[in-house]
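First up is the structure itself, then whatever we jot down about it.
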Amino acid sequence: MPAEFKYLESIDDFEELLRVSDERPVTVYKHSATCGISAHLLEEMMAVDGNVNVVVVQRSRELSDHIARKSGIRHQSPQAFVFRDRKVRYQASHYAINPSDINKNLKQ
């Protein structure tokens, strides 16, 4: 079954997602609407088992910057994260993003 994309729009959306990560792992994908690599990898993210929470960086720059501060990882796009217990358990950018590795982290 393909992933279901949910678009995050606000810092509050992300903070709620972090609270959910106390119960189960969650995926965040930072997407650039003007980048071909990002568009290609968004399609690849369909192979993730479960929800993919998407941040379109052009629409939500403040949110994207907030995620960088909270994670301690410099912003890039495309960029994928798995958070569990409010901590980064997986992070990759550009062609290092691997849906199989994300799925492994979602099962932990």
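Could you please find all residues in the stretch 62-73 being part of a helix (DSSP H, G or I), aliphatic (A, V, I, L, M) and more than 11 Å from the chain's Cα centre (by Cα)?
LEU63, ALA68
Condition check ((1) of a type in the set (Gly, Ala, Ser); (2) touching a strand residue (DSSP E or B) at 6+ places or on another chain (Cβ under 9 Å)) across all residues:
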site: LEU18; (1), (2): no, yes
site: HIS40; (1), (2): no, no
site: ARG59; (1), (2): no, yes
site: SER64; (1), (2): yes, yes
site: ARG69; (1), (2): no, no
site: VAL88; (1), (2): no, yes
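Within the group ARG89, ARG59, which residue is more than 23 Å from MET1 (Cα to Cα), of a type in the set (Lys, Arg) and in a loop (DSSP other than H, G, I, E, B)?
Exactly one residue qualifies, and that residue is ARG59.
With the condition kept exactly as written, say whether any residue in the stretch 24-31 is buried (at least 19 other Cβ atoms within 10 Å of the Cβ), over 24 Å from PRO2 (Cβ atoms) and either under 12 Å from the mean Cα position of the chain (by Cα) or not basic (Lys, Arg) (or both).
no
Being crowded, with 20+ Cβ neighbours inside 10 Å and small (Gly, Ala, Ser) is the filter; apply it to the stretch 52-103 and report the residue that is farthest from TYR29 (Cα to Cα).
SER60
Can you confirm whether the stretch 23-44 contains a residue that is modelled with pLDDT of 95 or more, over 20 Å from ALA96 (Cβ atoms) and part of a strand (DSSP E or B)?
No, the stretch 23-44 contains no residue that is modelled with pLDDT of 95 or more, over 20 Å from ALA96 (Cβ atoms) and part of a strand (DSSP E or B).
The values are calculated or read from the model by the stated rules, or taken from the named source; none is laboratory data. In this text the structure is predicted, and so the values were computed from the model without any measurement. Ideal geometry is used to build each Cβ from the backbone, glycine not excepted, and the neighbour counts take in all protein chains shown.
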